[in-house]
Amino acid sequence: MANLKQLPAIPLRGGVVFPGMTTTISIGRSKSLAAAQAAVQGDGEILILVQYDAEVEEPYTGDLLPVGILGTVRDVMRTPHVGVQMLVELHRRVSFDGLSETEPYLVGGYDELVDTSDTESDPAIAEVIAYLEQYAEILGEVNRQVMMTLRNQRTAGELADYVAGLLNVPFDLELDLLSSTHGAERLHIVRDFLQKELQIAEVRSKLQEEARDGADKAQREFLLREQMKAIRRELGEEGESLTDQLRARIDEAGMPEEVQERAVSELKRLDQQGGHSAEASVIRTYLEWLVELPWNKLSEDNLNIKHVREVLDEDHYGLEDVKDRIVEYVAVRKLAGNKMRGAIINLNGPPGVGKTSIATSVARAMGREMVRISLGGVRDEAEIRGHRRTYIGAIPGRIIRALRDVQTRNPVIVLDEIDKVGSDWRGDPSSALLEVLDPEQNNSFTDHYLEVPFDLSQVIFITTSNTTSTIPAPLLDRMESINMPGYIEDEKVAIATGYLIKKQLEGHGIESVEVTIDEDALRRMVRHYTREAGVRQLERNIGSIVRKLAVKIAGDEEGPFHVSSDDVDEFLGPEKFTHSLAEERDEIGVATGLAVSGFGGDILSIEVGLSEGSGKVTLTGSLGDVMQESAQAALTYARSHARALGLEPAIFDRVNIHIHVPAGAQPKDGPSAGIALATAIVSAFTQRPVRRDVAMTGEVTLRGKVLAIGGLKSKTIAAHRAGISTVLLPKENAKDIPELPERIREDLNLVTVDHLDEVIKAALLETIEAPVTLADEGSGKTRVIIPSSIDAFDRPVQAS
């Protein structure tokens with residue numbers, strides 16, 4: 001390497017330059033900058049090398065192409081936006097023989113290369129010049145200076161290098177061209193590449209020309225159609241065009257000003273598109289939706305309060321809260337006129353209590369149209385707000401479609417099963433409902449398809465749900481929620497007598513036949529053939545009886561027909577349900593609690609059993625976490641008040657306690673059984689029986705405080721049905737007593753309590769057995785004495 005010439009070297013990354021031209025090279029590495037400056041300070045000569053891999057930051061000999069370019073640095077410039085650049089004149093290829101130094105910059109050795117095959121008479125020279133001229137003409141980038149320089153290249157090798165520097169050649173091919181020392185070979189490689197590029201450019205140019213021709217054709221068709229319209233006008237054969245029809249319908253639709261401006265703008269676009277384009281079809285469908293909506297159509301409300309109340313009473317028994325709210329709305333509407341916004345009411349209650357049907361009655365009473373939208377299982381936000389017009393087959397959401405169908409902007413819209421709305425990757429419909437059900441926002445509801453505001457403020461929205469726990473809090477906050485907990489037995493019998501029997505007779509075509517169903521028969525069906533808060537199953541049972549009577553009538557059997565309590569078995573088969581009833585005897589360790597489920601209220605028998613052990617507590621009966629915590633709180637209260645209850649505190653560490661709530665297949669949870677659990681535990685330890693005619697509900701704290709609960713109406717209905725005479729309830733719930741049915745208030749003794757001491761005093765009888773105690777066996781040992789259980793039917797009955 002001592003005989004080789006040594007020069008500062010600059011390696012290029014990701015690109016190749018070729019001899020015979022002067023160009024600028026960007027410098028990013030400090031060693032490259034140092035090499036350029038060293039060359040400038042010397043005679044200007046520099047060695048330009050190429051890296052195989054652009055990612056290598058510190059290249060060595062093996063990372064560099066063995067062929068380099070000898071050049072002369074003319075200047076090193078620093079610009080604010082590009083950085084450091086070197087102006088270099090590239091002379092010829094040289095053989096790169098390795099790096100001799102790497103600090104402070106790269107120094108490389110080189111030897112001269114001789115191109116022995118270069119020629120000035122290669123036929124490919126003319127071909128390459130011709131191809132390049134065609135390529136430049138297709139691209140529209142003909143440069144006379146470049147073409148003059150191109151024709152001045154004398155040899156095949158010089159021409160190949162010059163053309164390669166002009167074209168966007170792939171990096172691998174650039175490496176091959178730089179490595180080759182055969183000018184003719186390089187020219188043939190460049191010619192083949194230029195041929196392929198020329199073919200691609202010709203195809204691209206042809207496609208662009210066809211696109212221009214298509215646009216010209218559409219313009220020509222538009223002009224011809226306009227001429228045809230003019231000819232028809234002259235001949236008197238002109239019919240009203242689609243555009244004219246839409247324009248007339250836009251004028252008649254009564255749209256708000258901003259909506260009409262949007263419609264007119266879209267109509268102009270339709271004129272420009274022509275009737276046969278795909279975009280024209282989309283615009284036409286959009287305009288048809290706009291003109292079909294009831295922008296200024298309102299149903300005339302019947303504001304006769306007496307009439308509204310009569311219709312509601314005619315269709316439904318009870319439901320006073322809902323009826324009162326509708327009458328209030330009508331009264332305010334009568335006074336305030338259109339200043340009053342529509343009501344947004346949520347009817348919450350178990351299935352079959354009349355939530356959906358009351359909405360139909362509201363519409364009939366007020367003389368409004370009614371439309372029902374089922375939201376159960378809806379998971380796509382577009383179901384509410386529509387799809388954007390960019391999608392194929394896009395349509396507005398259900399709200400706008402409903403208004404189009406009823407042709408009025410003040411209907412009663414029932415959003416059924418709003419608690420069962422789901423959400424997934426397509427969006428959250430409940431979030432879209434926030435705008436629909438917000439009185440402050442729904443006067444400018446914007447559907448994604450329409451993209452213009454629509455006023456929903458005059459709509460009465462009635463939503464229905466079985467539970468409010470699954471409704472998002474922001475959505476629930478926008479609605480006035482009215483609970484419909486279910487009917488008591490008397491109400492069910494009255495509904496069956498006044499409504500259901502007549503409905504079923506008419507539905508089965510025998511309304512002209514005299515059919516009577518005894519009250520006792522109806523009560524038996526309610527008690528033993530249904531298990532529900534509403535009357536849906538009761539109606540099905542009545543329908544089953546009516547169908548069997550219809551068979552007899554169709555067989556020429558004449559009426560009248562009378563169905564008694566004893567006939568129910570014949571029509572409906574054996575009894576299907578036995579409602580939970582009060583205990584037959586006063587029991588030790590058994591208290592009656594009250595609960596609410598999807599079928600309404602029910603009573604719970606809470607049992608506590610004791611056995612000698614180590615203080616282990618067992619909870620069974622499918623109890624939820626909250627109910628288990630209530631049991632623990634009740635037990636802690638009993639332990640902390642052991643002496644006041646006449647018990648030894650140490651007894652709790654020597655007795656295993658098993659708390660069980662029957663009907664183990666049915667999950668149970670909630671804090672309201674707290675005082676019942678505490679009463680059963682105290683009864684088991686003190687051996688004081690619990691009154692069988694007393695049921696109780698309330699949350700208990702460690703201090704014995706009794707806290708408020710919910711679902712009081714459903715719970716008291718269940719207690720009444722089970723034959724309970726006294727219900728203990730939290731003092732904080734005293735405010736709810738006036739809202740209970742009158743029959744419940746008359747038949748039940750409703751006792752409010754504030755502390756567990758009051759509960760024990762009211763619910764427990766005097767002891768008939770010695771309490772659980774510890775007996776001294778001598779030598780410091782004790783044993784637990786748990787009185788032997790006496791069967792409930794053998795125990796003497798005490799007066800309640």
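The values are calculated or read from the model by the stated rules, or taken from the named source; none is laboratory data. Since the model is a prediction, treat every value here as computed from it, not as a measurement. Because the Cβ atoms are built from the backbone with ideal geometry, glycine has one as well, and the counts that use them run over all protein chains shown. Side chains are part of the model used for accessible areas, which takes the heavy atoms of the whole protein and leaves out ligands, DNA and RNA. Shrake-Rupley method; radii C 1.70, N 1.55, O 1.52, S 1.80 Å.
Brief remarks follow.
- The set of residues from region 701-724 being without any contact (Cβ under 8 Å) to a residue 40 or more places away in the chain and surrounded by fewer than 23 Cβ atoms within 10 Å (Cβ to Cβ) comprises Leu707, Ala708.
- The test for being open to solvent by less than 30 Å² (accessible area, probe 1.4 Å) and either out of contact with any Cys (no Cβ under 8 Å at 6 or more places or on another chain) or not in a loop (DSSP other than H, G, I, E, B) (or both) holds for Leu538.
- Among the residues of region 738-774, the ones that are more than 23 Å from Gly704 (Cα to Cα) and either in contact (Cβ under 8 Å) with a residue 12 or more places away in the chain or open to solvent by less than 20 Å² (accessible area, probe 1.4 Å) (or both) come to 12 in all.
- Gln219, sole failed condition from (1) at pLDDT 80 or above; (2) closer than 29 Å to Glu137 by Cα; (3) open to solvent by 70 Å² or more (accessible area, probe 1.4 Å); (4) not hydroxyl-bearing (Ser, Thr, Tyr): (1)
- Scanning region 359-380 for residues being under 18 Å from Val311 (Cβ atoms), open to solvent by less than 10 Å² (accessible area, probe 1.4 Å) and touching a helix residue (DSSP H, G or I) at 6+ places or on another chain (Cβ under 6 Å) gives a total of 3.
- Within region 96-127, the set of residues being aliphatic (A, V, I, L, M) and modelled with pLDDT under 85 comprises Leu113, Val114, Ala124, Ile125, Ala126.
Let's see how each residue does on (1) in contact (Cβ under 8 Å) with a residue 24 or more places away in the chain; (2) closer than 30 Å to Lys502 by Cβ:
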| site | (1), (2) |
| --- | --- |
| Glu258 | yes, no |
| Glu261 | no, no |
| Arg269 | no, no |
| Arg284 | yes, no |
| Val291 | yes, no |
| Trp295 | yes, no |
| Asn302 | yes, yes |
| Asp313 | no, yes |
| Gly318 | yes, yes |
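- Condition met for Gly98 (open to solvent by 20 Å² or more (accessible area, probe 1.4 Å), more than 60 Å from the chain's Cα centre (by Cα) and on the phi > 0 side of the Ramachandran plot): no
- Test: Lys339 is loosely packed, with under 14 Cβ neighbours inside 10 Å and under 24 Å from Gly254 (Cβ atoms): yes
- For region 493-527, filtered to residues that are under 20 Å from Thr578 (Cβ atoms) and either at pLDDT 85 or above or β-branched (Val, Ile, Thr) (or both), the residue that is most open to solvent (accessible area, probe 1.4 Å) is Asp520.
- Residue selected from region 237-256 under the condition acidic (Asp, Glu) and modelled with pLDDT of 70 or more, by the criterion farthest from the chain's Cα centre (by Cα): Asp244
- The residue that is nearest to the chain's Cα centre (by Cα), counting only those in region 72-86 that are more than 17 Å from Pro8 (Cα to Cα) and not β-branched (Val, Ile, Thr), is His81.
- Once region 64-85 is narrowed to residues that are touching a residue at least 40 places away in the same chain (Cβ under 8 Å) and under 15 Å from Val16 (Cα atoms), the residue that is most open to solvent (accessible area, probe 1.4 Å) is Pro66.
- Residue count for region 653-662 under the criterion of being open to solvent by 20 Å² or more (accessible area, probe 1.4 Å) and touching a strand residue (DSSP E or B) at 6+ places or on another chain (Cβ under 6 Å): the result is 5.
- Filter pass, Val378 being on the phi < 0 side of the Ramachandran plot, of a type outside the set (S, T, N, Q), modelled with pLDDT of 85 or more and within 21 Å of the chain's Cα centre (by Cα): no
- Taking region 318-355 as the range and being of a type in the set (S, T, N, Q) and within 14 Å of Ile482 (Cβ to Cβ) as the test, the residues that pass are Asn346, Asn348.
- Taken together, Ala665, Ala642, Ala684, Ala650 contain a single residue that is surrounded by 23 or more Cβ atoms within 10 Å (Cβ to Cβ) and aliphatic (A, V, I, L, M), which is Ala684.
- Condition check for Leu549: modelled with pLDDT of 85 or more, among the aliphatic types (A, V, I, L, M), open to solvent by 20 Å² or more (accessible area, probe 1.4 Å) and not in a loop (DSSP other than H, G, I, E, B): no
- Within region 437-477, being of a type in the set (D, E, K, R) and either more than 22 Å from Pro411 (Cα to Cα) or modelled with pLDDT of 85 or more (or both) holds for Asp447, Glu451, Asp455, Asp477.
- The set of residues in region 710-726 being outside any loop (DSSP other than H, G, I, E, B) and in contact with a His (Cβ under 9 Å, 6 or more places away or on another chain) consists of Ala718, Arg721.
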